[in-house]
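Enquirer: To start, I am sharing the structure in question, which I have written as structure tokens.
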Amino acid sequence: MNDDSIYSIKLEKYESKNIVDKYVNGSLTVIWKDWDNKIKNQPKMVYVTSVNPREIKGPHIHTKRTSHFVCIHGKIVFVIKDKQGKYIEFVTDAEEPKLICVPKNIASAHMNLSNNVSHVLTLADIAWRPNDQEMKDVSFDDYDWSKWKKS
């Protein structure tokens, strides 16, 4: 992977257990470790965004920052338009988490595929500042969003 690659990485997920009788009480998902080289430019900002049921966020382009996304609750499809105009789709949820990379200057959007609010954790290599003008809205006029409304 280089700094301008679009990619998805399956994340490590482990059961967590009660310390007394060892029953499974939840899970732990490893998103990033500073030594694993999944993210080339270390994050400068981490945030959680929510997406209402069946809603779409974007599409837009970040002109300065590369973002890495993980769906931590619900189910999301990430739709990314590469430099050749081809659409790449990644479906992910908290049960089978993936780290989705969207490099700077690449258009993307994401849609909540569930009937409840979904949450996405974002790690960005440049921190957002109000009025920094680095995000540009774009259109995916030729993309068929209706196929996801049925799922």
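The values are calculated or read from the model by the stated rules, or taken from the named source; none is laboratory data. The structure displayed is predicted, hence computed values, not measured ones. Every residue, glycine among them, receives a Cβ derived from its backbone with ideal geometry; neighbour counts consider all protein chains shown. With ligands, DNA and RNA removed, areas are computed over all heavy atoms of the protein, side chains included. Shrake-Rupley method; radii C 1.70, N 1.55, O 1.52, S 1.80 Å.
Enquirer: Leaving out ligands and nucleic acids, and using a 1.4 Å probe, what accessible area per residue does the chain come to in Å²? Write down the numbers at each step before the final one.
Expert: Working: 8930 Å² over 151 residues.
So the chain comes to 59 Å² accessible per residue, rounded to a whole number.
Enquirer: Turning to a different aspect of this structure: Quick one: length gained pulling residue 34 to residue 73 fully straight, 0.36 nm per residue minus the C-alpha distance? Spell out each step's value before the answer.
Expert: On the way: separation 39, 0.36 × 39 = 14.04 nm, distance 2.38 nm.
Stretched fully, the residue 34-residue 73 segment lengthens by 11.7 nm.
Enquirer: To the nearest 10 square angstrom, how much accessible area does residue 47 have with a 1.4 angstrom probe?
Expert: Taking all protein chains as shown, residue 47 has close to 60 Å².
Enquirer: Next question, about the same structure. Sort 45, 135 by heavy-atom solvent-accessible area, probe 1.4 angstrom, most to least. Walk me through the numbers on the way to the answer.
Expert: Numbers: 45 45, 135 95 Å².
Output order, biggest surface exposure first: 135, 45.
Enquirer: Still on this structure, I have one more. According to a simple spin-label model (label point 7 Å from Cα along Cα-to-Cβ), what is the distance in nm between residue 16 and residue 129?
Expert: Calculated label separation equals 3.6 nm.
Enquirer: Top to bottom by accessible area (1.4 Å), largest first, where do 65, 54 land?
Expert: On the way: 65 10, 54 55 Å².
Result of the area sort, largest leading: 54, 65.
Enquirer: Considering only protein heavy atoms and a probe of 1.4 Å, how much of the accessible area of the chain is carbon and sulfur, as a whole percent? Working shown, then result.
Expert: Numbers: 4410 of 8930 Å².
Exposed carbon and sulfur together represent 49 percent of the surface.
Enquirer: Let me ask something else. Highest first, please rank the peptides 137-148, 106-117 by the mean number of other Cβ atoms sitting within 10 Å of their residues.
Expert: On the way: 137-148: 10.8, 106-117: 18.7.
In descending order of packing, they fall as 106-117, 137-148.
Enquirer: From the phi of every residue in segment 25-41, what ³J(HN,Hα) in whole Hz does the Karplus formula 6.51 cos²θ - 1.76 cosθ + 1.60 yield, where θ is phi - 60° and glycine or proline is x?
Expert: Per residue, the Karplus-derived 3J(HN,Hα) values read 10, x, 8, 9, 10, 8, 8, 7, 10, 5, 9, 8, 6, 5, 10, 5, 9 Hz.
Enquirer: For segment 12-151, with the dipole built from +1 on Lys and Arg beta-carbon atoms and -1 on Asp and Glu ones, taken about the Cα centre, which of 146, 62, 113 lies farthest toward the positive end?
Expert: Result: 62.
Enquirer: Okay, next question. Rounded to the nearest 0.05, what FRET efficiency do residue 5 and residue 116 have when you use their Cβ-Cβ distance and R0 = 35 Å? Walk me through the intermediate numbers first.
Expert: Working: r = 32 Å, r/R0 = 0.91.
E(calc), rounded to 0.05, equals 0.65.
Enquirer: If the cut-off is a Cα-Cα distance under 17 Å, which lysines reach residue 44, setting aside same-chain residues fewer than 8 apart in sequence?
Expert: 33, 64, 104
Enquirer: Right, another one. Please identify, among 84, 133, 42, the residue showing maximal mean-square fluctuation in a Gaussian network model of the chain using a 10 angstrom Cα cutoff.
Expert: 84
Enquirer: I've got another one for you. Tell me, what is the 1.4 Å probe accessible area of residue 31, in Å² to the nearest 10?
Expert: For residue 31, the solvent-accessible surface is approximately 30 Å².
Enquirer: Something else now. Once you compute Rg and the Kirkwood Rh from C-alpha atoms, what is the Rg to Rh ratio for the chain? Display every interim value, and only then the final one.
Expert: Numbers: Rg = 16.2 Å, Rh = 16.3 Å.
In the chain, Rg relative to Rh is 0.99.
Enquirer: Next up: Suppose each label sits 7 Å from its Cα in the direction of the beta carbon; what would the residue 60-residue 138 distance come out to in nanometres?
Expert: Simple spin-label model gives 1.4 nm for this pair.
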